[in-house]
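Readers should treat all values here as calculations from the given coordinates under stated rules, not as data from a laboratory. Since the model is a prediction, treat every value here as computed from it, not as a measurement. Ideal geometry is used to build each Cβ from the backbone, glycine not excepted, and the neighbour counts take in all protein chains shown.
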Amino acid sequence: MPLNLNLSSTKDFDLCCDLIRNNYEMIFGLKLSDNGFTHCSRRIERFVTQCDLTQLIHLKSLILIHPTVDILDQMLSKINMNNLCYLSIKLKPSYDYFYSIPIDCPQLVSTLFNSQKMSSLKTLYSPWIDLRNLNTLGKCNVENMYTTIQDFYTFIELLKHLPKIQYLHVRISQAYSSFSRDLSATALASIASSTLKCLKLDTPNKTIKYVRISPGYYCIVPTTTLKNRVTAI
């Protein structure tokens, strides 16, 4: 049972929470949002208060829109991640600004890179990942990822922790103009997983895309032609 808790009234929201409490084992997908409704504010926090997250043992898809960092940390520490295949997190614009340094969320980092907890995760949409402690992390098994990191060199390290990645879209918050020199198509082939099919990098001053044309070989593809040649990230 997938549930989208974008309900405009507190009464309806609370009734839906009652339904969930009586059917934890039937919940496979969950979408929670604190965006767009004034009559039922702080719904994600309200859900966390009313429902036992540890009972969502069959959850496969989780979408969170505008959670606070504290609530996000709390949810990730309680939800059973063993079966989770799809995770999407969208923060408020004040958190998710292109030029800002990504916010630290230790639970997100430790959870994502704990292979025992997240072995089933295939798709991740996260507005940021703080990788300052990257060397202490394990591998992340996602195949499709969209995220923001702080700088180009952290991106290089990130690639080493994504052994199964196929489609990767990364926003780098610090301006960087030397992609052609520091990450040629040949260099990408030497550091990326052999599973990588398409990579898109965005910075404040440049966007560049790489597409695998054959095993071990990549080409840089202009934006105008990418749509017709590869699956969009």
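For Leu19 and Asn82, a Förster radius of 35 Å and the Cβ-Cβ distance give a FRET efficiency of 0.90, rounded to the nearest 0.05. When the listed pairs Lys60/Lys92; Lys160/Lys197; Lys31/Lys209 are checked against a 26 Å cut-off, the alpha-carbon distance exceeds it for Lys31/Lys209. Determine the sum of side-chain charges near Glu143: Lys and Arg each +1, Asp and Glu each -1, restricted to other residues whose C-beta is under 11 angstrom from that of Glu143. Summing Lys/Arg as +1 and Asp/Glu as -1 gives +3. The calculated FRET efficiency for the pair Ala187 and Gln50, based on their C-beta separation and a Förster distance of 45 Å, comes to about 0.35. Amide hydrogen proximity for Trp128: with H placed 1.01 Å from N in the peptide plane, the residues at 5 or more positions away or on another chain lying under 5 Å are Thr148. Using the Cβ of Thr207 as centre and a radius below 13 Å, the other residues enclosed give a net charge of +3, where K and R count +1 and D and E count -1.
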